[in-house]
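Student: Quick one: structure below, then a few questions.
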Amino acid sequence: MNEQIITVNNLTKQYQEPQVSGISNISFSIKRGDIVAIIGESGSGKSTLLKCIYGLLKTDEGEILLNGKRVLGPDEQLIPGNAEMKMVTQDFSLNIYAKVYDNIASMLSNTDVAAKQAKTLEMMERLHITKLKDKKITELSGGEQQRVAIAKALISDTKVLLLDEPFSQVDSLLKNQLRADIKRLAKETGLTIVLVSHDPTDGLFLADQLLILKQGQLLQNDKPETIYQNPSHLYTAQILGNAIILDAEQATQIGLKTEKQNVVFYPEWVELKSSWNSRRFEVKEVYYKGFYDELLLERNGVKIRALQLNSGEHKKNDHVQANIGRFLEF
Ligand code: ADP
Ligand code: MG
C-alpha cells in the first residue's frame, strides 16, 4: 500500500469577486495516519484548501488524489464530497433539536439495530461524551458540540477527517484535552487528520506535519520542530508567536551584526551568563511561568526576552549578562 494517502498537485482556486483571492499553485502530500495542521491567519485560504480536498469546490487548476484516485469536484458528481472523507466545519452541521445519541446514530443504517447501537456507544466512549447521550445539542457547550460533530464524522468508516478550526469554540483547558484525544484517535484508528487553524500552538503540539499558508501561498511544509527551529520566512517566525524579531538597527544596538533587514531568535536561545563576550542587559520585568521565569531584558533601548530556569535568580532592575547563542537573519 502506498504510504501517501493524499496528494495535492499544483492546486489553484481563485475567487474573482469582490477581489482576487483564494489559493494558488499548492502542492504537498500527506502520509497515511498522520495529523497535518495547516496554519495561517484569517483569509489565508485554509477553508478554501480544505473544501477543495473534500471535493466541495471546483478547482481552477491542479488535482487532489486520494489513494491515487482523483477526487471529483462538485460539477462531476451528483452529491459533492467524498465517501472516504468527512469534514467538520465551524458550524458543526448538527441537528440541534435531536439528542446527542440520535445525531451520531443517524449516520448508520437500520439493517442491524444492535450493531448500530453498539457502534454509536463505542464512538461516544472514544470521544468522552457518553454522559451527554440524552442531551439535546442546544444544551451543550461549544466544545461538547465539537466532540459530537467529530463522533458523527468518524462513525461511518471515515479514512480522512478534515477539521476546520476545531479548537475555536473550546476554552483552553478543554482544548488541551481535545488535542490529546484527537491525537490518540489518530494513533488508535490509523485515521488521517487534516486540521486548519489560525492558532499555531494547535499545530506545534499536535501535528506530524505542519503547513504554513500566507495569502493563498504555501510558504513552508515540514515537521513542526523543523519549522520552529528553521522558519524559512520572517512571516513564519512571526506567526509562530514566540520569536523575538528585531530590525537591523535594533540588532546593532544589542551587538548583533547583520547584512539583512531582520534578525530573529527565541527566548530559549538567549544564554544568561557572564562570559567575556556576553553583554549587559537590565531586567525590566520578570514573568513567573511556573517552573521557569521569562525575563524582559533591555539594552540601549532594545527589549528582548530570555528564559530563566532557576526561578527567582535574577530580579527586576538587576543587570545580567546575555549572549544570543543563535539567531536567524531575514
Ligand atoms: P481562511 O479559512 O484561511 O480564513 P478562506 O479560505 O475562507 O480563508 O478565504 C480565503 C480568501 O478567499 C479570503 O480572502 C476570502 O474572503 C476569499 N473567499 C472565500 N470564499 C469566497 C467566496 N465564496 N467568494 C469570494 N471570495 C471568497
Ligand atoms: Mg476558514
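Student: Taking θ = phi - 60°, what integer Hz values does the Karplus form 6.51 cos²θ - 1.76 cosθ + 1.60 yield along the stretch 289-305, in sequence order, with x for Gly and Pro?
Tutor: Computed from phi, the couplings for the stretch 289-305 are 10, x, 8, 8, 10, 9, 9, 9, 10, 9, 9, 6, x, 9, 9, 10, 10 Hz.
Student: A follow-up question, please. Per 0.36 nm of contour for each residue apart, how much would the distance between Gln321 and Glu271 grow if the chain were fully extended, relative to their Cα-Cα spacing? Working shown, then result.
Tutor: Numbers: separation 50, 0.36 × 50 = 18.00 nm, distance 0.82 nm.
Separation in residues times 0.36 nm, less the Cα-Cα distance, equals 17.2 nm.
Student: Please give the direction-averaged projected area of the C-alpha convex hull for the stretch 4-233, in square nanometres with one decimal. Mind dumping the intermediate values first?
Tutor: On the way: hull surface 53.2 nm².
Computing the convex hull of the Cα atoms and averaging its projections yields 13.3 nm².
Student: For Thr252, Thr192, which order do you get if you count the other beta carbons within 10 Å of each Cβ and list the fewest first?
Tutor: Values: Thr252 15, Thr192 24.
The order, fewest Cβ neighbours first, is Thr252, Thr192.
Student: Now a separate question. Taking H placed 1.01 Å from N in the peptide plane, check which residues at least 5 places from Leu219 or on another chain put their amide H under 5 Å from its amide H.
Tutor: Ile212, Leu213, Lys214
Student: Give, as a single signed number, the net charge of other residues whose beta carbon lies under 15 Å from the beta carbon of Asn82, with Lys and Arg counted +1 and Asp and Glu -1. Walk me through the numbers before you get to the answer.
Tutor: Numbers: positive: Lys51, Lys58, Lys69, Arg70, Lys86, Lys159; negative: Glu63, Asp75, Glu76, Glu84, Asp157.
Here the charged neighbours net out to +1.
Student: Further question on the same structure: Give me a comma-separated list of calculated 3J(HN,Hα) values for the stretch 71-81, in order, Karplus coefficients 6.51, -1.76, 1.60 applied at θ = phi - 60°, integers in Hz, x for any Gly or Pro.
Tutor: 6, 7, x, x, 7, 10, 8, 5, 10, x, x
Student: Hey, another quick one. Could you give me the ³J(HN,Hα) list for the stretch 19-36, computed from phi with Karplus coefficients 6.51, -1.76, 1.60 and θ = phi - 60°, whole Hz, x at Gly and Pro?
Tutor: Calculated HN-Hα couplings, in order: 9, 5, 7, x, 10, 9, 6, 9, 9, 5, 9, 10, 7, 3, x, 7, 9, 10 Hz.
Student: At most 14 other Cβ atoms within 10 Å and a DSSP loop assignment: could you name the chymotrypsin sites (Phe, Trp or Tyr not before Pro) in the stretch 240-306 that fit?
Tutor: For chymotrypsin sites (Phe, Trp or Tyr not before Pro) across the stretch 240-306 that sit outside H, G, I, E and B with at most 14 neighbouring Cβ atoms in 10 Å, the list reads Trp276, Phe291.
Student: Now for a different question. Among the listed pairs Lys133/Lys159; Lys131/Lys187; Lys175/Lys316, give every one whose C-alpha distance is greater than 29 Å. Please report the intermediate quantities before stating the final value.
Tutor: Numbers: Lys133/Lys159 25 Å; Lys131/Lys187 24 Å; Lys175/Lys316 34 Å.
Over 29 Å apart, Cα to Cα: Lys175/Lys316.
Student: So, one more: Could you give the distance between the Cα centres of the stretch 246-265 and the stretch 117-164, to the whole Å?
Tutor: 50
Student: May I ask for the percentage of alpha-carbon pairs in the stretch 244-329 that lie more than 16 Å from each other?
Tutor: Result for the distance tail: 48 percent.
Student: When Ile26, Ile79 are ordered from fewest to most other Cβ atoms inside 10 Å of their Cβ, what list results?
Tutor: Working: Ile26 23, Ile79 8.
If I rank by nearby Cβ atoms, fewest first, I get Ile79, Ile26.
Student: List every residue whose amide H lies under 5 Å from the amide H of Leu163, counting only residues 5 or more places away in sequence or on a different chain, with H placed 1.01 Å from N in the peptide plane.
Tutor: Amide H neighbours of Leu163, under 5 Å, 5+ apart: Val88, Val194, Leu195, Val196.
Student: State, as an integer percentage, the relative contact order of the stretch 244-329 based on alpha-carbon contacts under 8 Å between residues 6 or more apart.
Tutor: 36
Student: Could you pull out every one of the aspartates and glutamates with an alpha carbon less than 19 Å from that of Lys135, ignoring same-chain neighbours closer than 8 positions?
Tutor: Straight-distance partners of Lys135: Asp91, Asp102, Glu122, Glu125, Glu144.
Student: Sequence-distant or interchain residues sharing an amide H contact under 5 Å with Lys31, placed H: which?
Tutor: HN-HN under 5 Å from Lys31: Ile5.
None of the figures in this text is laboratory data; all of them are computed from the coordinates on show. Predicted, not measured: the structure shown is a model, and the values here were computed from it. Cβ sites come from the backbone with ideal geometry, for glycine too, and all protein chains shown count toward neighbours.
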